[in-house]
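For reference, the structure discussed in these notes is given below.
The values are calculated or read from the model by the stated rules, or taken from the named source; none is laboratory data. Predicted model, so just to flag it, every value in this text is computed and none were measured. Every residue, glycine among them, receives a Cβ derived from its backbone with ideal geometry; neighbour counts consider all protein chains shown. Calculation scope for accessible area: heavy atoms of the full protein, side chains included, ligands and nucleic acids excluded. Shrake-Rupley method; radii C 1.70, N 1.55, O 1.52, S 1.80 Å.
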Amino acid sequence: LTLDIRPGETVAFVGPSGAGKSTAFQLLLRFHDPQSGRILVDGVDIARADPQTLRSRIGLVPQETVLFGASARENIRYGKLDATNEQIEEAAKAANIHHVIEALAKGYDTKIGEDGTKLSGGEKQRIAIARALVNNPSIILADEPTGNLDTKTSYDIMGLFQDLHDKGNTIIMVTHEPDIARECQRTILIRDGKIINAPQERADHVLSHHG
């Protein structure tokens with residue numbers, strides 16, 4: 001797999017299940033190291049980088065949002081354990097969840113319930129995005145960020161990613177949804193761990209049959 005992603009670009013990884021999309025994320029985060037070849041970030045081979053330093057530059061929005069029965073503040077702080085209250089609130093504002101948290105009974109100190117039971121699906125996803133942003137990353141990896149949301153909420157979340165793109169973040173998104181992929185600047189079709197050079201209509205065909 002050979003691919004260049006420009007700083008500030010928003011790219012969609014699409015393809016059938018098991019194609020290697022999420023594995024690419026794991027390689028970027030150094031959960032695995034490649035057996036051959038190199039992964040460069042700003043021209044630096046990440047195999048030579050300290051994993052924690054590398055991960056501090058990357059915000060991850062996972063496919064399954066994991067929230068804890070702690071406060072909204074502590075759920076966001078999980079993305080940066082030494083984050084200040086000001087940094088947490090700035091991340092919440094960037095994720096467009098600040099006003100929702102402030103309206104809770106105890107604001108940021110409100111316990112949101114195990115797995116965020118006091119929040120809607122879209123609100124839980126915004127907490128997850130705030131957690132990813134609290135470290136002020138330059139790269140954001142989003143694995144099916146709208147997979148469990150209704151259509152309206154999905155487009156609201158995509159609007160948020162557009163805002164992050166406008167601020168200069170580099171965004172790589174795994175998705176099975178054609179409408180979401182079309183919102184990205186570039187669509188990369190992956191099959192069996194390889195990039196398939198295909199026109200947009202073929203990418204849409206793969207998405208519609210494997211989503």
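What list of ³J(HN,Hα) couplings, whole Hz, do you get for the range 113-120 from phi and the Karplus terms 6.51, -1.76, 1.60, once you set θ to phi - 60° and write x for glycine and proline?
Along the range 113-120, the couplings run x, 4, 6, x, 5, 8, 10, 6 Hz.
If r is the Cβ-Cβ distance from E9 to K93 and R0 is 25 Å, what FRET efficiency results, to the nearest 0.05?
Rounded to the nearest 0.05, the efficiency is 0.55.
For the chain, what is the accessible area per residue in Å² when the probe is 1.4 Å?
52
What length, rounded to one decimal in nm, is gained on full extension from F31 through to D179, with 0.36 nm per residue of separation minus their alpha-carbon distance?
Length gained, F31 through D179: 50.3 nm.
Hey, can you grab everything whose amide H is under 5 Å from the amide H of D143? Only 5+ residues off in sequence or another chain; H modelled, so Pro and N-termini drop out.
For D143, the qualifying residues are V61, Q63, V174.
Give me the mean projected area, in nm² to one decimal, of the convex hull enclosing the Cα positions of the range 1-138.
With the hull built on Cα positions only, its mean projection is 9.4 nm².
Which net charge results for the neighbourhood of T10, defined as the other residues with beta-carbon distances under 9 angstrom from its beta-carbon, given Lys and Arg at +1 and Asp and Glu at -1?
Result for the local shell: -1.
Distance check, please: which entries in K111/K167; K80/K167; K106/K167; K21/K124; K80/K124 exceed 28 angstrom between their Cα atoms?
Those over the limit are K111/K167; K106/K167.
Check R191: other-chain or 5+ apart residues with amide H under 5 Å from its amide H, H built from backbone geometry?
Counting only residues 5 or more places away or on other chains, the set is I196.
Do the sum for the chain: with -39,500 (n - 2.57) for every DSSP H run of n ≥ 4, divided by all residues, what is the mean residue ellipticity at 222 nm, to the nearest 500 deg cm²/dmol?
-10500 deg cm²/dmol
Where Lys and Arg each count +1 and Asp and Glu each count -1, what net charge lies around G147 among other residues with Cβ under 10 Å from its Cβ?
That works out to -4.
Kindly write out, for the range 3-19 in residue order, the coupling ³J(HN,Hα) from the Karplus curve 6.51 cos²θ - 1.76 cosθ + 1.60 (θ = phi - 60°), rounded to whole Hz, with x marking Gly and Pro.
Couplings: 7, 10, 10, 7, x, x, 8, 10, 10, 9, 9, 10, x, x, 4, x, 6 Hz.
Around G116, under 11 Å between beta carbons, what's the net of Lys plus Arg minus Asp minus Glu among the other residues?
Counting the neighbours of G116, the net charge comes to +1.
For the chain, set up a GNM with springs between Cα atoms under 10 Å and report which of L141, L40, L67 has the largest fluctuation.
Result for the chain, Cα springs under 10 Å: L40 fluctuates most.
Can you work out the Karplus-derived ³J(HN,Hα) for every residue in the range 57-70? Use 6.51 cos²θ - 1.76 cosθ + 1.60 with θ = phi - 60°, whole Hz, and x for glycine or proline.
Once θ is set to phi - 60°, the couplings for the range 57-70 become 8, 10, x, 10, 10, x, 5, 9, 5, 10, 10, 10, x, 8 Hz.
Take each uninterrupted DSSP H stretch in the chain, measure its Cα extent along the helix axis, and return the ones at 27 Å or beyond whose mean Kyte-Doolittle hydropathy is at least 1.6.
Qualifying helices, which must be both long enough and hydrophobic enough, do not occur.
Scan around V41 for amide H atoms under 5 Å from its own, H built in the peptide plane at 1.01 Å from N, and keep only partners 5 or more places away or cross-chain.
Under 5 Å from the amide H of V41 lie the amide H atoms of I46, each far enough along the sequence or on another chain.
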